[in-house]
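No value in this document is a laboratory result; all are computed from the given coordinates. What you are looking at is a predicted structure, and each value in this text was computed from that prediction instead of being measured. Note that each Cβ is placed from the backbone with ideal geometry, even for glycine, and that neighbours are counted across all protein chains shown.
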Amino acid sequence: MLMWSGRHRLLLLKHSDPQALRGDHSMSLSASQRLIHRLAPWALPVLLLAVWQLSVSAGWLSTRILPAPSAVIEAGVTLVSSGEIWTHLAISGWRAGLGFVIGGGIGLALGFITGLSKWGERLLDSSVQMIRNVPHLALIPLVILWFGIDETAKIFLVALGTLFPIYLNTYHGIRNIDPALVEMSRSYGLSGFSLFRHVILPGAMPSILVGVRFALGFMWLTLIVAETISASSGIGYLAMNAREFLQTDIVVLAIVLYAVLGKLADLAARGLERVCLRWHPAYQVSKGGAA
């Protein structure tokens, strides 16, 4: 009995069916296009790193101003080997996470109250908006007087920075739901918690998740300032301590760590969007367009 390998069958199919040949070629093109799309976002960063390294190596840029990427990587490897960097990362992550949970939870609750209740809006929204217009980082001297320079002050500042983006987007997400949709849902017998769960919360979810992404950015911004002003541990402390000893490579490494943590937080928020908004038409369109 004649045995055909997979390669022989593919060759026979290509010679007998020109359409199959064109289809295989288009598949290879689409695969290469997907690869290009995946690599395209990295083209500019890689180019900038190459120019940066070349400028330092050629002596065009002083290492006291900006060390070479290779020096930053070497400093990172040293800190990883000693285990010091993991301690600072864990402490900064704990401060950021706890502050985000507290501030985000309060902002979400206030957004639901003012968004769902006219009386809640009258009682709370004006006061919240007034506090929101005060830059939370301007409160640092007062926060230090209240809480000292321990962990409570840093967590309070992070919570305050993340509260308002989630509050605003929750409030506007609820208020922008089509009233006709709510009335139609009530005509079908939905009310109370059922109406909230099946209509209001899904309708407000896209706006809430936008608030989460903004809040994550404010979270790291606030933590950077809080840790550089008063801290004995964390990434900000690592940078300030390195500044005292003119260790520019470690200062740049700390900045890179903040950037990486911010990017990871944004990726986590986008993943949450993909999970929570699978039903949303806009997400389905974007997913189909990306394919």
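Net charge in the neighbourhood of I85 (other residues with Cβ under 14 Å of its Cβ; Lys, Arg +1, Asp, Glu -1) is -3.
A straight chain from R175 to H198 at 0.36 nm per residue would run longer than the Cα-Cα distance by 6.7 nm.
Counting only C-alpha contacts under 8 Å and six or more residues apart, can you give the relative contact order of the chain as a whole percent?
Relative contact order comes out at 20 percent.
If you take all other residues with their beta carbon under 15 Å from the beta carbon of Q247, and give Lys and Arg +1 and Asp and Glu -1, the sum is -2. For the peptides 266-277, 177-188, 236-247, the ranking by mean Cβ contacts within 10 Å, running from highest to lowest, is 236-247, 266-277, 177-188. Long hydrophobic helices in the chain: the complete DSSP H runs spanning 30 Å or more by Cα along their own axis with mean Kyte-Doolittle hydropathy of at least 0.0 are 18-57, 84-116, 151-175, 201-229, 248-276. Charged side chains reduced to their Cβ positions (Lys and Arg at +1, Asp and Glu at -1) give segment 164-291 a dipole of some 440 debye around its Cα centre. Would you compute the Debye intensity of segment 176-216 from its alpha-carbon atoms alone, equal scatterers and no solvent, and pass along log10 I(q)/I(0) at q = 0.14, 0.27 Å⁻¹ to two decimals? Rounded to two decimals, the profile gives -0.36, -0.86.
Residue separation times 0.36 nm, minus the C-alpha to C-alpha distance between A138 and K118: what's the value?
On the way: separation 20, 0.36 × 20 = 7.20 nm, distance 3.16 nm.
Going from the current span to full extension adds 4.0 nm.
Dividing the summed helix terms, -39500 (n - 2.57) for each DSSP H run of n ≥ 4, by the number of residues in the chain produces a 222 nm estimate of -26500 deg cm²/dmol to the nearest 500. Residue-normalised convex hull volume from the C-alpha trace of the chain: 258 Å³ per residue.
Using the Cβ-Cβ distance between E183 and F147 with R0 set to 51 Å, the FRET efficiency from 1/(1 + (r/R0)^6) comes to roughly 0.60.
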